[in-house]
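The values are calculated or read from the model by the stated rules, or taken from the named source; none is laboratory data. This is a predicted model, so every value here is computed, not measured. Glycine also receives a Cβ, built like all others from the backbone with ideal geometry; neighbour counts cover every protein chain displayed.
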Amino acid sequence: MQDTVVLPLSDLDREWARHLGVESWGAECVVSRFRLAYPHRLPGFVAWKQDERVGLLTYHIEGRICEIVSLESLREGIGVGTALLDSACQAAAEAGCHCLWLITTNDNLYALRFYQRNGFRLTAVHPGAVDEARRLKPQIPLTGFDGIPIRDEIVLVRIIS
């Protein structure tokens, strides 16, 4: 199969991105540190394999810090997530950022492994934060991957060199 091609999220991709968010997270919004974000409205990147969208990453830059708001790989294990992260890291560096950060939940062990393999370090755990996030987004399930109760937010950071 041909290589993954990563392109900036365009206006033509936004409805697809909104629909992907609803499918993946139960709503078109996500919650990060008690703020609602709408990934399909943010800058980002779409990964393509041939003529098919296979991944999405959205981000938000504030000052010299870039938050990865969403990352969705539709084909695991073939480099989609890594290609998207590399594009985000390059965009953040070009914008003068010194780091990328993101939040995942305590149940998302696959993501925790993936991000750490890609240069991210765990920097904080916010116990009970997801319980609070449900006030903003009640669609967040009580139980996640492998039957693990979803309760806590985990912050990961990657320094841009």
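Looking across Glu62, Glu72, Glu76, one residue alone is buried (at least 16 other Cβ atoms within 10 Å of the Cβ) and either at pLDDT below 95 or not hydrophobic (A, V, I, L, M, F, W, C) (or both). It is Glu72. Of all residues in region 48-72, those that are without any contact (Cβ under 8 Å) to a residue 24 or more places away in the chain have Cβ atoms under 6 Å from Cβ atoms of residues that are assigned to a strand (DSSP E or B), 6 or more apart or on another chain, in His60/Glu67; His60/Val69.
Which one of these is under 25 Å from Ile65 (Cα atoms) and either of a type in the set (S, T, N, Q) or surrounded by 13 or more Cβ atoms within 10 Å (Cβ to Cβ) (or both): Phe120, Phe145?
Exactly one residue qualifies, and that residue is Phe120.
Scanning region 4-17 for residues that are exposed (fewer than 14 other Cβ atoms within 10 Å of the Cβ) and either assigned to a loop (DSSP other than H, G, I, E, B) or among the charged types (D, E, K, R) (or both) yields Ser10, Asp11, Glu15. One residue stands out among those in region 18-48 that are modelled with pLDDT of 95 or more and in a strand (DSSP E or B): the one that is farthest from the chain's Cα centre (by Cα), which is Trp48. Of the numbered criteria (1) modelled with pLDDT under 95; (2) out of contact with any Phe, Trp or Tyr (no Cβ under 8 Å at 6 or more places or on another chain), the one Thr4 fails is (2). Here Leu57, Leu100, Leu85 are screened, and the one residue that is in contact with a helix residue (DSSP H, G or I) (Cβ under 7 Å, 6 or more places away or on another chain), buried (at least 21 other Cβ atoms within 10 Å of the Cβ) and within 21 Å of Ser10 (Cα to Cα) is Leu57. Out of all the residues in region 69-87, is one or more outside any strand (DSSP E or B) and under 22 Å from Phe34 (Cβ atoms)? No: region 69-87 contains no residue that is outside any strand (DSSP E or B) and under 22 Å from Phe34 (Cβ atoms).
Tallying residues that are in a helix (DSSP H, G or I), under 22 Å from Asp3 (Cβ atoms) and small (Gly, Ala, Ser) within region 94-136 yields 0. Answer yes or no: is there a residue in region 29-38 that is under 21 Å from Ala129 (Cβ atoms), buried (at least 22 other Cβ atoms within 10 Å of the Cβ) and free of Cβ contacts under 8 Å to residues at least 40 places away in the same chain. No, because not a single residue in region 29-38 is under 21 Å from Ala129 (Cβ atoms), buried (at least 22 other Cβ atoms within 10 Å of the Cβ) and free of Cβ contacts under 8 Å to residues at least 40 places away in the same chain. Out of contact with any Asp or Glu (no Cβ under 9 Å at 6 or more places or on another chain) and polar (S, T, N, Q) - does that describe any residue in region 34-57? Looking for residues that are out of contact with any Asp or Glu (no Cβ under 9 Å at 6 or more places or on another chain) and polar (S, T, N, Q), one finds at least one in region 34-57, hence yes.
The residue pairs whose first member lies in region 129-151 and is on the phi > 0 side of the Ramachandran plot, whose second member is of a type in the set (A, V, I, L, M), and whose beta carbons are closer than 9 Å, counting only pairs six or more residues apart or on different chains, are Asp146/Leu109.
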